Structures are given as C-alpha cells and as structure tokens.
1. Can you tell me the relative contact order of chain A? Whole percent, Cα pairs under 8 Å, sequence separation 6 or more.
2. With all distinct Cα pairs included, what does the Kirkwood hydrodynamic radius of chain B come out to in Å, to one decimal, could you say?
3. Name the residue from B:ALA168, B:LEU442, B:THR285 whose Cα lies farthest towards the positive end of the charge dipole of chain B, charges +1 on Cβ of Lys and Arg and -1 on Cβ of Asp and Glu.
4. Is chain A best put as rounded, prolate or oblate by its Cα gyration tensor, with a ≥ b ≥ c the root eigenvalues, rounded for a/c under 1.5, and otherwise prolate when a/b is larger than b/c, oblate when not?
5. Using only Cα atoms, find the angle between the long axis of helix B:156-167 and the longest principal axis of chain B, and express it within 0 to 90 degrees, rounded to the nearest 10.
6. Mind putting a number on the dipole of the range B:383-467 about its Cα centre? Charges go on the C-beta only, +1 for Lys and Arg and -1 for Asp and Glu, and I need it in Debye to the nearest 20.
7. What angle do you read, to the nearest 10 degrees and between 0 and 90, between the alpha-carbon axis of helix B:333-352 and the longest principal axis of chain B?
8. For the residues B:MET433, A:MET150, what sequence is obtained by ranking on other C-beta atoms within 10 Å, fewest first?
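Values in this text are rule-based calculations from the coordinates and carry no lab data. Just so it is clear, the model here is predicted, and its values are computed rather than measured. Please note: Cβ atoms are built from the backbone with ideal geometry, for glycine as well, and neighbour counts cover all protein chains shown.
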Amino acid sequence: MTTLAEPSVVPQHAAATATHCPYCALQCAMTLTPAAGRAVPVEVAPRDFPTNRGGLCKKGWTSAELLGGAGRLTAPLVRGADGRFTETGWDEALDLVARGIRRTRLEHGADAVGVFGGGGLTNEKAYLLGKFARIAVGTSRIDYNGRFCMSSAAAAGSRAFGLDRGLPFPVEDLDGASTILLLGTNVAETMPPFAGHLAGAQSAGGLIVVDPRRTPTARLAGDGAGLHVQPTPGSDLALLLGITHVVFAEGLVDEGYLAARTSGARGLRRSVAAWWPERTASVTGVPAATIRAVARRLASRPAGDAGTAGRPAGGTYILTGRGVEQHIDGTDTATAAINLALALGLPGTPGSGYGTLTGQGNGQGGREHGQKADQLPGYRKITDPAARAHLAAVWGVPEASIPGPGVPAVELLASLGRPGGVRTLLVHGSNLVVSAPNAASVRSGLGRLDLLVVCDFFLSETAALADVVLPVRQWAEEEGTMTSLEGRVIRRLRAVAAPDGVRDELQILAELARRLDAPSAWPDEPRAVFEELRLASEGGIADYSGIDYGLLDAGEAAHWPYPRGSTGTPRLFADRFAHPDGLARIVSVARHPHPEREAAAARLTLVTGRLLEHYQSGAQTRRVAELRDAQPVARITLHPATAEAHGIADGDPIELGNDRGRVRGLASLSTDIRPDTLFAPFHYPGDETANLVTSDAVDPVSSMPEFKTAAVTVRRIIVEAG
Amino acid sequence: MRPFRIVLVGYGPVGARFAEELLPGLRNGRIALTVVGAETADPYNRVLVAEHAVGAVGLDSMLIADPDALRDAGARVLTGVAARRVDRAARTVELADGERIGYDRLVLATGARANIPTLDGVDRPRRDAGTLERFGDRLIGADDPLPAGVTALRDLEDAARVREAVTAGARIVVLGAGVLGLEIALAAAHAGAQVCVVHHGPHPMPRNLDRGGGTVLGRALRRTGVSVIAHSRAEAIAFRDDADGRRRFDMLVTADGKQIRGDLLLLSCGVTARSELATLAGLRTAGGIVVDEGLASWTDPAVHAIGDCAHVVPRGTEPAAGGGLPGAPSGLIGPGWRQAEWLAAQLSEEAGAGAGASGADAVDAVMPPEREPVVMLKAEHVDVVAAGRVDAEPWDDPADGTAVAQWADPEHHRYVKMVTAEGRLTGFVSVGMPRTAAELTLLFERGDELPADRSLLLRFDGPDHDPAAAADAFAPATTVCWCNAVTVERIEASAACGAASVADVGRDTRAGTGCGGCKGRIAEVLARFAETGGAPSQVG
C-alpha cells in the first residue's frame, strides 16, 4: 500500500483558519484559506486531527460552497397579511417577536411559548437558548432535535454509568481493537473518515456489523475482515439478549469484573436465560451459529495481555448507533448493548469499551447545557434542588423563578396550537417538517400556531412556514465551541465575515431578552457566553469549568469532565463509574412484541437513514450542487424479489403508504437489503419526506420516536405528465 | 376489599413467567399470590437441560426467575413442597405438609414428566383415578422409578446422571429420535461420549420431517459421530451385575433381536402431562388437563392450566373417532409462555376490576390461537428447522392448492422443502441451511408471502450471497472510495489525465482522502491501468 504524503497539505499562512467541518459529530479538522475573487470565499483543505487523520468526506470537501451566498437569507422576513414574506429591519422583526412572546405569555401563560433547539448549535448557543427559554421567557417548554437522535443512548448511558458521554474514550483507542461490534450504524456513509479507525479490527478479522442492510459499513466486514449480521428490523434487542445468553451460558463472562464493578448481574443472568440461540434465531432471522460465533468473538478479548498465537492482541468495543436506538424500545436496546459490554467486562477496561456514536455536529455538547426539557447546564437534572440553586446563583435569579421540567420533543410538537399547548414557537437549528416523525402532523401543528419564529441561514422547509424568519450566521462565519463524539471540546473559528444583515443567534437572544426585560446578564459574544457556561457547568456531570478559549486555541485535547484545576478526562470509568457507589448498574431489560410490526403481518418494514451526500434534513447539503447532483431525489431501496412481487422495476416512481401518510421516491433495486425491508433516506422535502410515514410513538424512558420500524405498503405510481 | 387470591401450583419456567407477569398486581395489593413448587431449585430453563447435562451450561445460566423478587412484591413462595389435593368445593389446595390454602383462582402449571415406554424390565406405575386415590402421596409430583443405568432427561437429577456418563466417556444409548433425543445425542457426542440413537421410524424426527429431510439429517448425524439405528422397536432391557453387586442396565433388545449394549440408556420417548392433581380433583383430563381457549378447566372455571399440563380444546368439541379429544399439549416452551402471559393479564384485569370474591365469573375472552410451532434442533453442528405439514411432494396433485418447492443435496447434507398455499408457507423443512432456515422461520411466523422465485431463499446460504464478493472489482461503476463516492472509472479518467500516484488521484478526485482505507485499491486500479496501457476497464 502506498503511503505517500497526504494530498491535502496546504501551506499555512496568516489568513488560513484552522477549524472543523460544519456537519457531523466527528468534527473533522479542516483549514479554510481565503480564495480571493471566487464565488466561494474560502478553499477547504483537510487537516490532521485524531478523528479524521487528514481525511474528509465529500460533504466536508464541499462544505464551503454554502458560504457562496446563493439562496442565503440576509434580512429578517416577516409574513404579511397577504401571506407573503417581506424583508424588514432587525428592530422591527425583534420587536414583533418580543411582542408575540409577551402576548402569548400574558394570554396563555409562559408555557405557551415553546423553544425548539438543535444539536448543530454551538455550546454557547445551546447554553444561551436554554437560559433564554427559562429566564427570559420563563417557559419550561424547551427541547431539541437531539431527542430524535441521542436520547435513547443518553438515557441508557446515564442509567448504567451515571454519566452519558458518547465515547468515554478517544476515538483513536479503537485503532488497537481486534474486535468491534457496530450495531445499527453506517459510519462509512455517515461519518466516513471514522471508518479508518476500524482498520485494526478489520485486519484482525473482527469487525462485526449488525444491520438489516448490507451498507458500505457492512461491506467493510467482508473479505475475511469480519462478519455482517443481517437481522430483521426491530429485532436488535432480541439479538443482544441472545448474544448475552451465550456469553453467560458458555462461561464467557468476566465474573471478577461483574462482582467488583457492577450491580444487578444476577438479574441479567436470569433475564437472558430465556434467549437461547435457536429462539433468538426465530425472532431475528440470524442463525443460531452466527449468534454463538459473535458471542465467542466478543469474548476473545485477552484482558490487557499481549496477543499470543491464535488470540488477538487488542480489546473489544461495542458501539451503537441510531439504527438500534431510534425505536420505542431504544433505551432498552442500548441498555442491552451496555449489559453485554458489562458482562464481558469491557467498559473502563483499557483497550476495550462501550460507546454510542453521536450523530449531529454538536449532538454531545447540545445535550449537556440546557436544551433538554429536563436539564440544566452541566448535564444537571432540573429537578435537583442543588442544581437549581447553583444555576440561580450563576444567573442571579431566585431559584423559584427557574421553571421545572418541560416535555420532550414529540410531546411538545404534538401540543402545538392545542388547548394548553404551545402557541408561539421559536425554532433554532432544526428543520422540523423534514426531520420530525409523522411529519404531516407536525406541519399541521405549525399551522395552528399564533406565531412561528425560525432562525436559519436558508429558507428551509420549516422557515418557509414561519411568520418571522431571522437570518443567522453559519459555521465559518461564527465563533464558538463544539463537543465532538468523544466528549472533546473543540473550537469553531471565524474564517469569513457573514453577509451584511445577518446576525449571530447570541445577539438575537440577548436582544430579545432585553426587550422582554429579562433578569440576569445577556452576553452576546461567544467568549463571554463560554465564560458563563464554565461557571454554570461547574460541579455538574459535564463540567467545563477548567476549559477556556486560550487552552483550546493552544490545541489542548480537552475531554470533559474538565473541572477547574484538572487536565480533563480522555478516558472515563477507569476506576469507578459515575454513580455514587462507583458501580455500573445493570438494568435487566425484556423484549416486548412490537405493536406496529406484529399487527401488520405481511407488510413491509421501512427503515430510514442517511446517505453519504446529505446531512440531516438536507437543508444545507441539498444546496451544494455537487451533493445535490449526486443524490438529487429520494431513492427507496428494495430487494429485487420484493420489487418483482409488486411489479416494480429499477428506477420506477413508487409510493410507500400507511395510516400516517405517503412518501414517494424512485425505486432502487438491491440485494443488499432484506426482502422484508425497505430503506428510504430522510433528507428530502415535500412528498419525498420519509418522515411522513414514520411513527411518533415514543420510547417510555427517553421519548425517542420510532423512526426505524414503520410498517408500510408499496406500490408503483404512474406520474402524470405535465 | 380483600385481594384476589391466586394459587399457582408448579414453579417451572411457565409458572415462573406467570408469576412474574402478576408483579404489578402484587405490588399494588390487588392480588395475593401463593406459589407452590415441588422442586427446591429456583425455576430453571428446561430447554437447556441437555446442554447442562453435558456440562456446556452451568445451572446459574439456566435460572430463569427470581423467587426473591416475588417475595419482595408480597407473594408467598413455597418450594420443595408438593400440592397433594384440591378441594374444589371449599376452594382450597392441600399441601404435603397438611397446610390448606384458599384460592379464588387455582392455576396449575405442573408441567410434564418423561414418558416411560413399555419395555420388559421397566415397571410403569398406573396413574388412573383409583390408583391415585390409594397411592396419591407417592405418585403425585413424583417421577417413575427407573432401574440403575436407565434415565430420562427432564430435570437436574437426570442431568447429573447423564453428566456422569458423559464425563466418563461412557456408551450412551438414546431411545427415541425426536428433537430432545437428538439434542442430547449430539451434545453428548460432542462432549466425548459414544452415542447410539435407536428409534423405530424410518428416519429421525419423524413427527417433524419428511423423508428427504429425515434422510439428510440421518446422514448428518452419522457424520458427526452419532450412530443411528432405525426401524428398531425397543422391546426389553437386560441387566448386568456391577462389581458392587448392583443390577444395572446392560443392553437394549429390539423386537428384531438386535442387542445394543451401553452404560446408560437414555429414554427420550416424549412426555406426559402431570395431571394427577386434576384427575384426583375430578377435573376432566385427556392429553393433559382439558381447558378451553380461555385456559379455564372445562369442569371448573375457577381452575386454570397452562404449559405442558394443559390440553387446550374448544369447549364442546366432540371426541374424535378414535375416542380421544383432538390435539395435545405442544410440549414447547413458547406456547407455554404465551399462555402464562395471557392468563396473567386476564387475571390481573379481573383482580383490578374489583372481582376478588367470585371466581365463577369466568372471563369471556379467549386466547388467540397458536400458530403451528416451529421446531428447531438445538445443536451446534447440525442445523434442522421444521414447521407445519411437510409430507406433500412436488409432484402431488395440487387439488387443495398446496405447492411444494424442494432442494436436495444429500451429499452436502443440505435439504429444503417449502410447502405453500397461495404463496404462504404452510410447512417447511430446512436441514444444513442455517440462514435459509432463519428466513423461512420468520416468513412462516409472519404468514408473509414467499418470493415468486423460491430459490432466492436458498441463496442466503450460498457463497455468492454477497454479490460484491463476486462482482468485478474493476468494473467502471464500482465504487473505490466510499467517503467521496469515487468510482474505478473516475480514477482511470484521472490516470488518463496524468495522475500517476495515489496522491495525484487524491488531489484530482478526492479518492482516498476520507478514511484512507481505499488507498491500496486506488494503487491497484492505477497499476492495472498502467499494465493495460490505458485500455478502458470495460473492454475484456
């Protein structure tokens, strides 16, 4: 293999800016160099960094295209009596929003004002948004799109370990593993440079990918690099119980670890006794022999000693993604993965571990600083009196003025315009009508509002429905911090000036707070907001108090918790877990029949997911010509046998339907998918919005909606001419 | 209001599941539960007894329920004590120690015992009502006594006997070639014992497999070192005297005079419901305790039966021409668990609705009918799954709409038969095709339609299942760099324009600039391009 110099080395000069990609949680490092006189003001070059090691995917390479201006909003838009948008001045727009908030608050109470945030916002924005909702508006009704993303894994991690940090170890630790089990994650498309960290496990023959589709990630396990396990959708929990059964039954469990570091192992052993491999096979479609093989491979970890003949040298990691988490039993499924990891003695053991792969750019930081309905900054519980007292002191407000817990995203959205529900909604960094489940009902909810305010840099599908649209800065135009999937706080730096007429969300929030006569201080500069965030998080689970911009700019690898005076925590759980007794809690979980799948015999199951070329709702990537041209329309993958049974040929326009709605796309025939499964990307708007058919039933613990198991029918459609 | 009193007799896997499902009612005080279990061990998963018997699974990993959790929720859990008598008029259960426990509902989950075949040399006690009246204390909850060197395989004591033989590398004769017999035969052979299976049918698993599947299975068994003696009806056993003077099993003698010597005879001839308590209480029994689709006794709606002791028959069903009621307990754990869950939900609802006093108001609801069970041979090196009726052959007259598709490759121990009606599976057999078997199982359980091309299902187990493996790695449209979606064609175009190195290609196409995992492949494409002098890849 050739190992020549990276093609990416770009001479660093004074005007070059070292920053990170705007998209996923891998936060690949890149350098932006001014490109004078071009439509796109900077040139992107990858930069060496532990997560991406000098690599970028197609999305990263083309990310600067969006700085070029086409379609960019540069003035506030206000919908007039005629239903059309008119550009207005900032004061006028902000006055209008503040008046609307005041009116709703007066007539219906503060909880009739809702705030919906996003996992792409910087830590500073996420923090200030939570503070704004609770202190300036006084509402408890704040939640964010991370509810659709990380909430199941977060709930499971907090329950088991007392702390939720996606990867409790640096990404490079994966390089030394000889076995990696990937459950429901397609990293080769969603965060491609991550795949480089799987190479060690591949060469040891130990990459195990569990997915109903043979994704590009599953292909990485081909050719002797490991194993692709292809269960029927919605059966992940049973599969994990079955693997854990074998681990116990065959004595592969790390008894010493269970005794010393966990509680609840006895219940776990009993709860998996009923999941012998053949029974598991009959539920999952995965042969019993495969289940045994996976269990044995996972347990072949040599607990720290050097590899000897026939035994791999590295450890074992278990990583989960949205495929197993976005279910009504997502928390229990993530818990089952954690329980398996605990039975094998992986978490906190050098060279081994469990982790969840955070999706959105700041999906990690976004869930730590107060955007969640039940949390205050620092990953504190909003019901904890000590946490409330701490924040009251930092904010200089009476503790009683901080509202209690609100409601999670799906419930918040379901209440839009309903009696007792939200009547004025502020949306930041989220394109709800594409990304929320049961999208048609969300769309009609937005239509019932008295006032919808959307902050965005483009007229996204959600912004297009707003009463007021406020244009904000994007990625390379702003400063701040992001927290990557490994809990590392990194700097986002300004490389270009924002277009005239665009404002930072921090300024918008501060301006609105002033107009609402809010108590407390409202800094509008990122550095000042971060300084306040440090104080707010101090002593919490996600403690940032020891981190400052200077430290980050100097290149420090700052993994939280990073209390003042410490040097941060790259690896968690080495000595103890974060529960008061220091033990990991094993919560036994059981599988229950899936209401929709069981009721819908003989129908097909739709799973949704992402494409290499697009990110989230596609609000950004569909505006990049190179990405849009590569994947211009929604293509729905189905097995040739399924297609044949429905009279569908490759490329035919087809429609999927169920009680919630219908979604259209072009048929893409592939034997990479199970015959009982369909796949649709969720990046597309209009009648291609996959979420028109997904269910808004939620997980009882995390309130994660059921994105991944929608029973649908499929038919070929005749597109009318004209 | 006093709580709804439920007495559960039998604390095996089905009883344990039933009790566990009552936990919410126990915790809120609506239900008072007494559990009476004859065994002293915590409830364990009997499905794993064969693996336990060969030492592959420890008892710890078989335990399936936690009696302490029940006790914490307020249940009274009595183990190591048998129920002796039911007084239906007084609604009490009398225990072996004389205690009487009152109930509003009695749930019998007494399970089944191993069937002891008629063999010269083995006594079989009668269990009719008259005998039970006289000797009930000795017969209820007790297994039939067997001579030394002869065992069934049902409980932990049986398992211990088998384990001793396996550990000693003994010769084990298994009588019966049903699923359980084959499972222990394979597990014991794998663990080092010498195993011979004797059965009277033409092929193993005759109740589940057709001739083709059975024949392929028989060959697969022999390949794994289990000898199989078919067409042999066992008639007698002969004994020898050990050095210590004890008489013990020496050989099995078949009707045609074969003498099969061994150290242990393992009887695997099916099971019989433990219904003595019901018989004695005057409840109707047949293949088990006769209950309706609401799992209530035909005779007394305050008594329920679930699991292996329950024979579910719609009320009023006439006996078949042969005399007995149709059907029988399934003998499988899945249906037993579903009955436990369903009945617990029914009784919880009743208790919550404030019944409590009168158990006579039987719930009208009926349990959804069971699908025909899927039978899987639990073994590591032989893969057999079957379900439904499989005796139809491809060339039969399809008057009833039944169609059969079949694949037989006995040389490689592979066989699949799919029996369908209107495209949906009504039965199937799969031997030696694990992935196919798993898919057929899902299709059977869901009632989904099969693909018109049935051979699709066979290909899951083929080496060509991954089309990528067989695909041309240098085809123009093959993706080389996934991170940047760069194809062979694009790299060749880059090479044609002068890119000579992986780095050059990266600068031009971004291939290899993501995770870097494809740099080797890019070098291959370049090398091949140079070799062929720039000939386009599709020419060949």
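1. Values: 1731 pairs, mean separation 131.8, N = 722.
Relative contact order, chain A: 18 percent.
2. On the way: mean 1/r = 0.0369 Å⁻¹.
Over chain B, the inverse of the mean reciprocal pair distance is 27.1 Å.
3. B:ALA168
4. On the way: a/c = 1.42, a/b = 1.25, b/c = 1.13.
Rounded, because the longest to shortest axis ratio a/c is under 1.5.
5. Once rounded, the angle reads 50 degrees.
6. Numbers: 8 positive and 17 negative charges, 35 e Å.
Rounded to the nearest 20 debye, it is 160 debye.
7. For B:333-352 against chain B, the angle is about 60 degrees.
8. B:MET433, A:MET150
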